[in-house]
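Worksheet: one structure, shown below.
Coordinate-derived values only; no laboratory data. None of the values given here were measured: they were computed from a predicted structure. Cβ atoms come from the backbone with ideal geometry, glycine included; neighbour counts cover every protein chain shown.
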Amino acid sequence: MLVSLGAFVSLWLIKLSRVNGYTKFLLRFLVALWFIIVEYFSILIIIQCMKILHLIRNRKDTHAFEIARAQSQYPNTEVIILLLHDGVLSSQDIGLKIYACYADVVARGISTPYETINYPQILDLVFECDRVISW
């Protein structure tokens with residue numbers, strides 16, 4: 001809502017063609033500042049109350065684990081990792097809630113230290129989270 005209001009105001013200000021160059025510059029600067037403030041607070045809102053699910057399919061993808069760990073440091077953010085395909089072969093312990101797909105664990109004939117979940121539970125988890133990131 002704030003962004004659309006800012007867009008409306010910026011279009012209205014640009015249509016003011018009878019103002020001098022300095023005033024136009026000042027008005028455009030204020031509109032740009034408005035957008036920066038709105039974007040900043042939008043990011044803060046997203047970061048502060050977010051549930052993020054990382055779907056990791058490759059066991060060697062250390063970057064995905066590092067990003068998940070970094071995101072978990074934000075206040076009021078819950079980060080969950082779901083291991084799929086060859087990701088179930090991973091044995092990283094990063095202190096986050098980690099699930100493994102039951103079908104993939106069985107297909108590879110391994111045991112895993114993580115809690116296993118089946119496809120209906122995976123679907124529930126996907127819809128329960130605010131953001132889903134697939135690696």
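Remarks
- Put in line by how crowded their Cβ is, counting other Cβ atoms within 10 Å and starting with the fewest, 94, 52 read 94, 52.
- D_trans [Stokes-Einstein, Kirkwood Rh over alpha-carbon pairs] for region 67-135, 37 °C, 0.692 mPa s, µm² s⁻¹: 258
- If only the Cβ of Lys and Arg carry +1 and only the Cβ of Asp and Glu carry -1, the dipole of region 50-134 around its Cα centre is close to 180 debye.
- Debye log10 I(q)/I(0) at q = 0.10 Å⁻¹ for region 20-135, Cα point scatterers: -0.41
- Among 111, 72, 134, a tally of other beta-carbon atoms within 10 Å of each Cβ gives an order, fewest to most, of 111, 134, 72.
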